[in-house]
Each structure stands twice: as C-alpha cells, then as structure tokens.
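Let me begin by presenting the structure, written as structure tokens, before commenting on it.
The values are calculated or read from the model by the stated rules, or taken from the named source; none is laboratory data. As the structure is a prediction and not an experimental result, all values here were calculated from the model. Glycine also receives a Cβ, built like all others from the backbone with ideal geometry; neighbour counts cover every protein chain displayed.
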Amino acid sequence: MSQSFLEVKGLTKKFGGLTAVNDATFSMERHQIIGLIGPNGAGKTTLLRLMTGILKPDSGSVRFMGQEMAGKNTWDIVNKGMVSTFQNMRPFRRLPIIANVMVACLCPRALKRGEWVKKIEAKAMDALEFAGISDMAKENASILSQGDLKRLEVARAIATEPELLLLDEPFGGLSPAETDLMAKSIKRLHKGGRFGRLHSEGPAMIIVEHKLHWLMMIATRIIVLSFGTIIADGTPDEIIKNPTVIEAYLGQGGN
Amino acid sequence: MKLILFYLRKLLAVVRNEVLVLPSRVAVIIFFLFILLLPSFTDDVYILRVFTLTCIFAIFAASWDLLCGFTGQLNFGHALFFGVGAYSAALMNIHWQLAPWFSIPLGALVAVAAGLTVGIPALRLKGTYLALTTMAFPIIVIGLIFTFPGFTGGELGISGIQKLAPTRIEEYYVISILMLVLCTIMWKITDSNTGIIFHAIREDEIAVRASGVNTTRYKLLAFCLSGFFAGLAGGLYAHFMRIVGPSTLDVSLSFQVVIWSIFGGAATIYGPVAAVFFLYPTLELFHLIQDYRTIVFAIVVLLVLIFMPDGLFRWLREKVEEECPRCKVRNVAWRKTCRVCTASLE
Ligand SMILES: Nc1ncnc2c1ncn2[C@@H]1O[C@H](COP(=O)(O)OP(=O)(O)OP(=O)(O)O)[C@@H](O)[C@H]1O
Ligand SMILES: [Mg+2]
C-alpha cells in the first residue's frame with residue numbers, strides 16, 4: 001500500500017489570538033474507528049470542521065484517499081466520501097424528517113451508489129430506520145427531541161454513503177439505553193452489510209465523544225486533544241494509563 | 001357508447017374520491033373553470049383586460065415565491081426580471097421583427113442571464129444585505145435605458161409592439177392558459193426533489209453543503225428558473241400592452257410582488273397566485289374611489305399580515321383542512337375520522 005487512507009498533516013486554525021487547532025498530525029487506516037477525546041474547548045469540533053471544509057485551515061493538509069481535501073468545498077469533500085455530523089444539530093426544521101434525509105440522498109455520490117434502490121424515499125427511510133426514528137418520518141423535524149435530532153444527524157450523514165464518517169458527540173442527549181442502541185448501530189454500520197454497500201465494508205469512523213465508557217467499547221484507537229494539540233494517540237488501554245492524559249483531564253476538573 | 005359511459009363513470013369516481021374530498025382541490029378546480037369560462041360570462045373588454053393583466057402578474061408573483069419563498073433568497077428587485085423580459089421581447093420585436101412566439105421566450109432567456117447576474121452576489125450575501133443589493137439592479141438597468149434613448153425609447157419607452165393575438169378574447173385565452181400551465185409547472189418544481197433542496201437551502205445552507213449538495217448550483221438554478229418565469233410574464237406584458245416603459249422596472253412593482261406573495265402565503269405558489277387574483281382585480285375595479293383605494297389596500301394588507309402572518313390563503317386552508325396525525329393525509333376539518341387510515345381526528 002503506497003498511500004494511507006487519511007493523512008492529516010500540520011493542520012492549524014487560529015480564531016484571533018486563540019489557536020483552536022495547533023499543528024494536528026495523524027493518519028488512519030480504512031478499517032479503524034478512532035475516538036477523538038479532550039476537555040471542553042479542546043478543538044475537537046474545529047478539527048472535524050477543518051477536515052470537512054466547513055472551516056478553512058490556516059495551514060496544513062488533509063489527504064484523503066490520495067487526494068488533497070484542504071481548501072475544497074464541503075460538498076466536494078462529502079462526495080469524495082468524508083462526511084461529518086454537527087455537534088449542535090442543524091436539521092431543516094420546517095421540512096419533514098424524511099425530507100431532511102432525502103437532501104443527503106440527492107447528493108451526487110449517493111445518487112450514483114443508490115442505483116439498486118428504486119426510490120430516494122425508500123433509501124431515506126432505510127437511513128432513518130438505521131437511526132431508529134423511522135416511525136416519525138412524516139413529522140416536521142421541529143418536533144424532535146435533542147436525542148432524536150442527534151439520530152437525525154447520523155441518518156443524514158450515512159445517507160451520503162461515506163467512506164469516512166466523522167461523528168461529533170453522537171451520544172449527546174441520549175439516555176443510557178438509547179446510547180447503548182446507538183453504539184450497537186454504529187458498530188454494525190462499521191461492519192458493513194447495510195446502506196447500499198452489500199458487498200463492501202462499512203465506513204471508517206472518527207467519533208468525538210465525552211461518554212468515554214461507550215466510546216472505549218467501540219473505538220480501537222484513541223486520539224487525545226488538549227488546547228488544540230494532540231497530546232496522546234494509542235489504544236484505549238494505553239490512553240487510560242497515560243499520565244499526560246490524566247493530567248489534562250484532571251487539570252480541567254476531571255470528567 | 002358503453003365504453004364512453006364506462007369512462008365517464010370512471011371520471012366521476014375520480015372526481016368524487018380524489019377531488020371532492022378536499023376543499024383546496026375543489027377550489028383549484030373552480031379556479032381553473034373560472035379562468036377558462038370567464039369569456040363566456042362577459043365580453044366586456046375592460047374586464048377581460050383586467051383579468052389578463054391579473055394572469056400576467058400571477059405568473060410574476062409565483063416566480064418570486066419560487067426564488068424567495070422557497071429558496072429564501074430575498075429579492076427586493078424582482079421587477080428586474082419582469083422589465084428585462086419585457087424590454088428584450090419588445091426590442092427583438094421592434095428591431096428584428098421577431099414574432100411574439102420567438103420574442104417572448106428569447107426575452108425570458110435574457111431574463112435568465114439577468115438572474116445569473118443577480119445570483120452571483122447572492123452566493124456571498126444573505127438576508128438584508130442581499131435584499132438591498134438586489135434592489136439596486138433594476139435601478140441600474142433604468143439608468144442604462146435613459147443613457148441610450150435612441151435604442152431603448154428612454155423615458156417614453158417602446159411603443160408599437162406587435163399584438164399577441166388578433167382579439168382581446170384570444171389574447172385572454174393565450175395568457176390565461178399559459179398562466180395555468182406555468183404556475184402548475186412551478187408548483188411541480190417545488191414539489192420535486194429539487195424543491196426539497198430549495199427548501200433545505202432556506203432552512204440551513206451550511207447543512208445542505210454538509211449533505212454533499214452543491215448549493216451554488218442550486219441557488220443559481222433558483223435564480224435562473226425564477227428569472228425565466230418572471231421574464232415570460234414580462235414578455236407577455238409587453239405584447240399585451242404593446243408599450244413597454246421604465247415602469248416595468250419600477251421599485252413599486254418589486255414591492256408589489258413581495259406584498260402579494262406574503263399576503264397570500266409565501267412558499268406555497270398557490271398563495272401568491274390567489275393573492276394576485278384577489279388583490280389586483282379588486283383594486284382595479286374600485287377605480288371609482290381612486291382616492292381611497294391605496295389606503296384601503298394598505299390597511300387590508302396590514303391586517304392580514306398582523307392576524308395571519310403565514311398568509312391569507314394558507315390560513316384559510318388550515319381552517320378548512322387538517323392533517324391526520326397518523327398518516328399525514330389532509331382531511332376536511334369537519335370529518336371525525338381520517339379518510340384514508342380512519343384514525344380519529346378529534
Ligand atoms: N467560529 C469560532 N470563532 C471563534 N472561536 C471559536 C469558533 N469556534 C470555536 N471557537 C473556539 O475554539 C476553541 C475550540 O472549540 P471547539 O468547539 O473545537 O472545542 P470542542 O473540543 O469541540 O469542545 P466541546 O467538547 O465543548 O464540543 C474554543 O475555545 C472555542 O471557543
Ligand atoms: Mg465540540
């Protein structure tokens with residue numbers, strides 16, 4: 001293998017005097033699920049936004065499947081196969097829930113890959129079923145609770161049929177039982193077998209999450225961010241024992 | 001004979017099961033019949049003229065709704081498309097002797113180009129900033145018209161444009177049937193997958209991008225489509241009035257279309273169309289009380305906006321129809337159970 005699946009190099013973003021992401025460098029393989037953790041305000045969301053082109057980096061590069069993504073339009077990046085959810089959910093409130101997902105099903109990538117399904121609606125419905133909110137498909141998105149909005153975010157993201165799925169706090173607002181369900185669905189998605197990809201593996205993932213207990217169950221590798229800098233990178237077991245990580249969290253008052 | 005009876009019965013069944021069940025559908029049928037049968041009730045030239053103009057402005061209002069109601073790209077200079085369509089059709093007719101069947105569609109294409117021109121700043125500007133910028137465009141074109149009076153007729157405009165059809169009744173039919181067809185097409189667009197993306201762009205453009213959809217393309221598409229339909233309306237106006245002046249680009253026309261659309265209910269297509277059919281003839285036919293009609297008009301519009309912020313016709317529809325909580329099918333408000341899934345509507 002000549003090139004890796006994803007290679008982030010020296011990614012930096014400043015907001016005025018604040019360096020939100022500082023020289024972030026890491027790479028990942030197609031089969032991985034990475035957990036991205038760090039105290040509040042560490043720059044996790046900013047890092048994801050830089051990768052999907054919602055924010056433009058000040059410097060650095062993001063190579064995804066052999067192509068440079070930094071500086072590209074968000075929709076181009078999504079159509080290359082990298083999609084992200086929003087931490088502060090952004091549904092189309094006055095549209096029915098199913099229409100929210102249909103928008104994603106209408107992106108060129110999903111249209112190309114969805115040939116075997118006859119109807120866009122059917123595919124959107126599949127995504128909703130996966131996220132567990134298909135029974136409300138025809139209601140307006142404005143009626144959804146916080147937890148259900150999280151699920152809608154996930155449904156909308158997977159409807160674009162990504163190779164790399166970036167989830168920003170997918171368990172936020174979910175009850176323990178719901179979190180359990182969502183964690184299982186995410187694992188199932190990663191294994192593949194759903195979503196128009198009957199013959200291939202599911203997407204690679206980077207998951208930002210504060211509920212470490214559940215994250216450790218899913219992720220095979222953890223990256224820790226603190227004040228915009230990557231301070232640790234390793235398996236869950238290594239991370240738990242890492243003194244720098246413990247200090248970063250304790251310094252913030254623990255988590 | 002039997003076959004005809006069979007089809008007739010089938011048609012009746014469709015009417016009973018699909019049309020008569022909902023007041024809004026009945027209203028649409030009555031509207032279509034009214035439009036098509038109007039000349040058989042009256043051959044008064046004045047009334048036909050008023051309703052012909054009403055049809056033209058209905059196309060115009062619907063085109064505003066397509067762009068602004070649905071896609072959320074506030075355009076306070078919509079007269080630009082109307083005026084550019086009207087002037088282009090007039091100039092092509094006068095200078096190149098093109099028949100209306102060519103000058104009107106070609107004029108609409110020029111309006112599409114105008115749509116693209118306005119669409120490009122709209123890629124960067126939002127809300128009020130966009131609204132203010134769009135207001136400037138028709139003023140610029142008026143400036144151009146005054147700069148080249150030899151070609152454009154200047155302040156007096158262009159007169160002697162070819163008639164659309166030999167008689168008033170024929171003109172009425174051409175324009176009214178076109179209005180029904182064009183508005184149906186616009187409604188179909190908003191009801192399609194493209195319409196869903198337009199809606200979503202109004203709700204949250206960033207989220208549409210993050211769903212992998214090229215919002216630039218769709219916003220420009222909305223401007224082009226809207227420009228095309230408004231340009232058609234302008235071209236029809238030119239060949240119907242047989243004179244085109246700077247008033248087709250006037251700020252008051254731009255505001256008029258905003259008022260019509262919001263009055264009827266933006267983002268519905270049927271709302272603005274119905275509003276034009278309600279407001280325009282009423283205002284015209286009350287020309288006897290010339291002095292008061294503008295103020296009465298203003299008061300009526302204000303009252304509607306205060307008490308029915310979603311528009312008069314959407315408000316009416318909500319009053320007589322309700323959605324089944326289970327299957328989301330619309331029902332007459334006085335039904336007790338849903339007509340499809342028989343769930344209780346209490
Ligand atoms: N658009 C912006 N303009 C200015 N500052 C910003 C902006 N977005 C984020 N920041 C700042 O950048 C820093 C990193 O924010 P970010 O949202 O990436 O943190 P996070 O790790 O996602 O935190 P959380 O766990 O609370 O979601 C914060 O200090 C935040 O205030
Ligand atoms: Mg965050």
Residues (assigned to a helix (DSSP H, G or I) and either away from ligand 2 (no atom under 16 Å from the Cβ) or surrounded by fewer than 22 Cβ atoms within 10 Å (Cβ to Cβ) (or both)) located in region A:156-183: A:Arg156, A:Ile158, A:Pro176, A:Ala177, A:Glu178, A:Thr179, A:Asp180, A:Leu181, A:Met182, A:Ala183
Residue check, A:Val245 β-branched (Val, Ile, Thr), modelled with pLDDT of 90 or more and either touching a strand residue (DSSP E or B) at 6+ places or on another chain (Cβ under 8 Å) or within 13 Å of ligand 1 (Cβ to nearest atom) (or both): no
Test: A:Met69 is of a type in the set (A, V, I, L, M) and crowded, with 17+ Cβ neighbours inside 10 Å: yes
Region B:1-56: number of residues that are in a helix (DSSP H, G or I), of a type outside the set (Gly, Ala, Ser) and closer than 30 Å to B:His287 by Cβ: 24
Helices (runs of 4 or more DSSP H) enclosed by region B:130-242 - at least 1 residues per element that are of a type in the set (A, V, I, L, M) and surrounded by 23 or more Cβ atoms within 10 Å (Cβ to Cβ): B:168-190, B:193-203, B:205-210, B:215-241
Matching residues, region A:34-53, being within 22 Å of A:Thr74 (Cα to Cα) and more than 10 Å from ligand 2 (Cβ to nearest atom): A:Ile34, A:Leu50, A:Met51, A:Thr52, A:Gly53
Residue among B:Glu346, B:Glu322 that alone is away from chain A (no Cβ under 14 Å), of a type outside the set (A, V, I, L, M, F, W, C) and buried (at least 16 other Cβ atoms within 10 Å of the Cβ): B:Glu322
Members of region B:310-338 found to be out of contact with any Cys (no Cβ under 9 Å at 6 or more places or on another chain), within 17 Å of A:Glu139 (Cα to Cα) and not in a strand (DSSP E or B), listed by number: B:Glu318, B:Lys328
Hits in region B:178-211 - residues which are under 19 Å from A:Asn140 (Cα atoms) and at the interface with chain A (Cβ under 7 Å from one of its Cβ atoms): B:Asn193, B:Ile196, B:Ile197, B:His199, B:Ala200, B:Glu203, B:Asp204, B:Ala207, B:Val208, B:Ser211
Condition met for A:Phe92 (of a type outside the set (S, T, N, Q), facing another protein chain (nearest Cβ under 8 Å), within 17 Å of the chain's Cα centre (by Cα) and not in a helix (DSSP H, G or I)): no
Residue check for B:Thr216: among the hydroxyl-bearing types (Ser, Thr, Tyr) and within 24 Å of B:Phe34 (Cβ to Cβ): no
From the options A:Ala42, A:Ala122, residue that is more than 10 Å from chain B (Cβ to nearest Cβ) and away from ligand 1 (no atom under 16 Å from the Cβ): A:Ala122
Unmet requirement for A:Glu153, which otherwise passes all of (1) surrounded by fewer than 21 Cβ atoms within 10 Å (Cβ to Cβ); (2) under 19 Å from A:Asn79 (Cα atoms); (3) acidic (Asp, Glu): (1)
Residue within region A:111-118 that is among the aliphatic types (A, V, I, L, M), in a helix (DSSP H, G or I) and in contact with a strand residue (DSSP E or B) (Cβ under 9 Å, 6 or more places away or on another chain) present: no
Selected residue (only one of A:Ile98, A:Ile54, A:Ile77 is of a type in the set (Val, Ile, Thr), free of Cβ contacts under 8 Å to residues at least 40 places away in the same chain, in contact with a Ser or Thr (Cβ under 9 Å, 6 or more places away or on another chain) and away from ligand 1 (no atom under 16 Å from the Cβ)): A:Ile77
Residues of region A:70-84 classified as more than 11 Å from chain B (Cβ to nearest Cβ) and of a type in the set (A, V, I, L, M, F, W, C), total: 1
Single match in A:Gln67, A:Gln87 (criterion: out of contact with any Leu (no Cβ under 7 Å at 6 or more places or on another chain), within 16 Å of ligand 2 (Cβ to nearest atom), farther than 29 Å from B:Ala266 by Cβ and more than 9 Å from chain B (Cβ to nearest Cβ)): A:Gln87
Test: residue in region A:155-171 that is more than 14 Å from every other protein chain (Cβ to nearest Cβ) and among the aromatic types (Phe, Trp, Tyr): yes
Selected residue [in the same structural domain as B:Phe51 (by TED's automatic domain parsing) and of a type outside the set (A, V, I, L, M)] from B:Thr342, B:Thr337, B:Thr282: B:Thr282
Subset of region A:95-107 [in a helix (DSSP H, G or I) and within 7 Å of chain B (Cβ to nearest Cβ)]: A:Ala99, A:Met102, A:Val103, A:Ala104
Test: residue in region A:18-30 that is within 13 Å of ligand 1 (Cβ to nearest atom), among the polar types (S, T, N, Q) and in contact (Cβ under 8 Å) with a residue 24 or more places away in the chain: yes
Region A:212-229, residues that are in a loop (DSSP other than H, G, I, E, B), away from ligand 1 (no atom under 12 Å from the Cβ) and closer than 17 Å to A:Gly38 by Cβ: A:Ala219
Criterion violated by A:Leu149 - all others in (1) closer than 22 Å to B:Ser211 by Cα; (2) part of a loop (DSSP other than H, G, I, E, B) satisfied: (2)
Any chance A:Lys138 is assigned to a helix (DSSP H, G or I), surrounded by fewer than 20 Cβ atoms within 10 Å (Cβ to Cβ) and either modelled with pLDDT under 85 or more than 18 Å from the chain's Cα centre (by Cα) (or both): no
Pairs with Cβ under 9 Å, 6+ apart, first in region B:114-140 and over 11 Å from B:Gly77 (Cα atoms) and hydroxyl-bearing (Ser, Thr, Tyr), second at pLDDT below 90 and buried (at least 16 other Cβ atoms within 10 Å of the Cβ): B:Thr128/B:Leu74
Residue match in region B:78-90 (condition: in contact (Cβ under 8 Å) with a residue 12 or more places away in the chain, surrounded by 21 or more Cβ atoms within 10 Å (Cβ to Cβ) and not in a helix (DSSP H, G or I)): yes
